[in-house]
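Encoded as structure tokens, the structure appears first; notes follow it.
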């Protein structure tokens, strides 16, 4: 996996840090880990977003969309799901479909990573349950966050297309395939209409 630096958690080895500090040092690697799909599509490292940047904007977009278009959903839960949805990538990496890793193996690696990250934390079972709920799309909130994850990718793709002159149609097609609800699909339609001609 291409990253700006090695995982910071290694810097704590033998220091007896608390689980909270260890979790931070593990999770902060998401700031350094490039979104591998963008690199593969030609986005230069100097311009490529990190997994943490993506996750932040998924959480922000999920909150805004939930409150504006889905007032019946639990917006707090939506934000929690969004914040946790890529946390496992701090250890498992940003595994893309082009890497030849089966869906089952990807899920196994990410589940193991999430268990490792949360081990020993107060409330670990709750974090793991939320992450599992997201992975299974086990609630309306999780279904929304899954769609927002792809919608944010399309929004970022539109930015890259306009700024870098790339054709990122494959990312829009992927996002379109994840849209289950008209309210979210309408936002994607708006984003696609803003793509360069």
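Derivation of every value follows stated rules applied to the coordinates shown; laboratory data play no part. None of the values given here were measured: they were computed from a predicted structure. We place every Cβ from the backbone using ideal geometry, glycine too, and count neighbours over all the protein chains shown.
Once every DSSP H run of n ≥ 4 in the chain is given -39500 (n - 2.57) and the sum is divided by its residues, what mean residue ellipticity at 222 nm do you get, rounded to the nearest 500 deg cm²/dmol? Intermediate results must be reported in sequence, preceding the final value.
On the way: 11 runs with 127 residues, N = 197.
Only helices count here, giving -20000 deg cm²/dmol.
Listed by Cβ neighbour count within 10 Å, with the fewest neighbours leading, 95, 117, 148 appear as 95, 117, 148. Site pair residue 185 and residue 121 shows an inter-label distance of 3.5 nm when each label is modelled 7 Å from Cα along Cα→Cβ.
Take the chain, drop everything but the C-alpha atoms, weight them equally and run the Debye formula without solvent; then report log10 I(q)/I(0) at 0.18 Å⁻¹ to two decimals. Each listed q maps to, in turn, -1.34.
Please compute the Kirkwood hydrodynamic radius of the stretch 105-177 from all pairs of different C-alpha atoms, in Å with one decimal.
On the way: mean 1/r = 0.0702 Å⁻¹.
Computed over the stretch 105-177, the radius equals 14.2 Å.
Give me 21, 65 ranked fewest to most by other Cβ atoms within 10 Å of their Cβ, as a rough exposure proxy. Working shown, then result.
Details: 21 13, 65 22.
Final ranking by Cβ density, sparse to dense: 21, 65.
So what is the orientation-averaged projected area of the stretch 53-169, using the convex hull of its C-alpha atoms, in nm²? Walk me through the numbers on the way to the answer.
Working: hull surface 32.7 nm².
Averaging across all directions leaves 8.2 nm² for the Cα convex hull.
Computed from the alpha carbon positions, the gyration tensor of the stretch 67-121 leads to an equivalent ellipsoid with semi-axes of 26, 16, 8 Å, biggest first.
Any chance you could run the full-extension gain for residue 75 through residue 13? It's 0.36 nm times the residue separation minus the Cα-Cα distance, nm to one decimal.
Working: separation 62, 0.36 × 62 = 22.32 nm, distance 3.75 nm.
Extra length from residue 75 to residue 13 when fully extended: 18.6 nm.
When each of 127, 134, 24 is scored by the number of other beta-carbon atoms lying within 10 Å, the sequence from fewest to most is 24, 127, 134.
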